[in-house]
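Each remark here refers to the structure printed beneath this line.
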């Protein structure tokens, strides 16, 4: 009829000791947190012939392709493609609000 009986305080302490991982004592007093790495925020130089040549090899350019090729964030790749379009290096083909498709200029 009744439910499970409650454990005594001593029994609860023993259960916690068994389930808790052993405590590690650190010798260093300073907090050494792992360093955070910042993903590729700075785009490659757009004026460089190497970058332009790399982009002209591709038939179709999307922000995702550029971001994966140059190890960039998508927002930085979109900005880079917009600037290249304004300079006349690439041409806008089609796209919607979310995805834009470009091709190298002839």
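Is it the case that the range 62-82 has a residue that's touching a strand residue (DSSP E or B) at 6+ places or on another chain (Cβ under 7 Å) and assigned to a loop (DSSP other than H, G, I, E, B)? The answer is yes, given that some residue of the range 62-82 is touching a strand residue (DSSP E or B) at 6+ places or on another chain (Cβ under 7 Å) and assigned to a loop (DSSP other than H, G, I, E, B).
I'd like to know if the range 46-57 contains one or more residues that are assigned to a loop (DSSP other than H, G, I, E, B) and at pLDDT 90 or above. Outline the logic, then answer.
Just the residues of the range 46-57 that are assigned to a loop (DSSP other than H, G, I, E, B), to begin with: 46-48.
Still in the running and at pLDDT 90 or above: none.
No, the range 46-57 has no match at all.
For the subset of the range 90-103 comprising residues that are over 23 Å from the mean Cα position of the chain (by Cα) and without any contact (Cβ under 8 Å) to a residue 40 or more places away in the chain, which member is surrounded by the most Cβ atoms within 10 Å (Cβ to Cβ)? So that I can check it myself, show each step before the final result.
First, the residues of the range 90-103 that are over 23 Å from the mean Cα position of the chain (by Cα): 90-96, 102-103.
Checking which are without any contact (Cβ under 8 Å) to a residue 40 or more places away in the chain leaves us with 90-96.
Details: 90: 22, 91: 13, 92: 13, 93: 12, 94: 9, 95: 12, 96: 7.
Applying the filter and picking the extreme gives 90.
The values are calculated or read from the model by the stated rules, or taken from the named source; none is laboratory data. None of these values were measured; they are calculated from a predicted model. Methodologically, a virtual Cβ is constructed for each residue, glycine included, from the backbone with ideal geometry; neighbour enumeration extends over all protein chains shown.
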